[in-house]
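Student: Here it is, the structure, as structure tokens.
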Amino acid sequence: MELRPSPAVDGRYPAPDFELPNQFGEPTRLSGLKGSPVLLVFYPFAFSGVCSGELDELEAVRGEFDRGGIRILAVSCDSKYSLRAYAQTRGYSFDLLADFWPHGEVAHAYGAFDAEHGRPLRASFIIDQEGTVRRVIRSDAGTPRPLQAYRDAFKELASS
């Protein structure tokens with residue numbers, strides 16, 4: 001796995017491939033999702049306020065993303081066991097992926113790991129059907145990413 005992807009001249013670059021277990025322990029490989037756009041959402045912690053608010057919002061509009069053929073993958077460094085409890089408690093029907101061990105390896109590969117605090121940064125990657133990162137949406141700690149930014153990015157992707 002390449003660490004720290006470098007954007008190409010046009011700002012697009014291949015999404016680093018990875019395989020992580022979801023909340024049920026089932027392996028999810030990014031390259032296995034080619035043909036569908038992907039919303040890859042890194043978030044610091046399960047059960048935390050801002051993270052739960054963001055993921056609740058994604059669950060509330062999941063049908064909108066499903067109609068667009070968009071796969072939602074939410075990634076934290078929590079264990080798959082914690083993520084299963086989190087998904088059940090909150091009612092999430094999309095995959096929560098455990099970047100547990102090696103700790104934060106996938107977040108690091110995307111340049112979305114906060115080594116000082118040992119957690120992912122609040123960063124999302126819009127990945128097209130070919131596996132290319134087309135847009136990155138980031139926010140500061142404690143600040144949710146706007147849902148409209150995802151909508152705008154996928155609208156732009158659909159029209160390109």
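The values are calculated or read from the model by the stated rules, or taken from the named source; none is laboratory data. Nothing here was measured: the structure is a model prediction, and the numbers come from that model. So basically every Cβ, Gly included, is an ideal-geometry build from the backbone, and we count neighbours across all protein chains shown. Just so you know, the surface numbers come from the protein's heavy atoms only, side chains and all, with ligands and any DNA or RNA stripped out. Shrake-Rupley method; radii C 1.70, N 1.55, O 1.52, S 1.80 Å.
Student: Probe radius 1.4 Å, ligands and nucleic acids left out: which of Phe47, Phe154 has the largest accessible area, and how do the rest follow?
Tutor: Phe47, Phe154
Student: OK, next. Counting only the heavy atoms of the protein chains, how much of Arg12 is accessible to a 1.4 Å probe, in Å² to the nearest 10?
Tutor: 100 Å²
Student: Next up: Could you please state how large a percent of the accessible area of the chain is carbon and sulfur, counting protein chains only and using a 1.4 Å probe?
Tutor: Here carbon and sulfur together make up 50 percent of the probe-accessible area.
Student: What ranking of Thr28, Thr132, Thr89, Thr143 comes out by heavy-atom accessible area, probe 1.4 Å, highest first?
Tutor: Correct descending sequence by accessible area is Thr89, Thr143, Thr132, Thr28.
Student: A further question on this structure: Using a 1.4 Å probe, what is the accessible area per residue for the chain, in Å²?
Tutor: 49 Å²
Student: Rounded to the nearest 500 deg cm²/dmol, what is the calculated helix-only ellipticity per residue at 222 nm for the chain, with -39500 (n - 2.57) per DSSP H run of length n ≥ 4?
Tutor: -8500 deg cm²/dmol
Student: OK, next. Give the long-range amide H neighbours of Arg135: residues separated by 5 or more places, or on another chain, with amide H under 5 Å away, using H modelled in the peptide plane at 1.01 Å from N.
Tutor: The list, which skips near neighbours in sequence, is Ile126.
Student: Once you put a point 7 Å from the Cα of Ser48 and another 7 Å from the Cα of His103, both along the Cβ direction, what distance in nm separates them?
Tutor: Spacing of the two 7 Å Cα→Cβ label points: 1.4 nm.
Student: A follow-up question, please. With the crude spin-label approximation of a point 7 Å out along Cα→Cβ, what separation in nm comes out for Ala115 versus Asp152?
Tutor: Simple spin-label model gives 3.2 nm for this pair.
Student: Gain in length, Tyr13 to Ser139, computed as 0.36 nm per residue apart minus the alpha-carbon separation, to one decimal in nm?
Tutor: Answer, rounded to one decimal: 43.3 nm.
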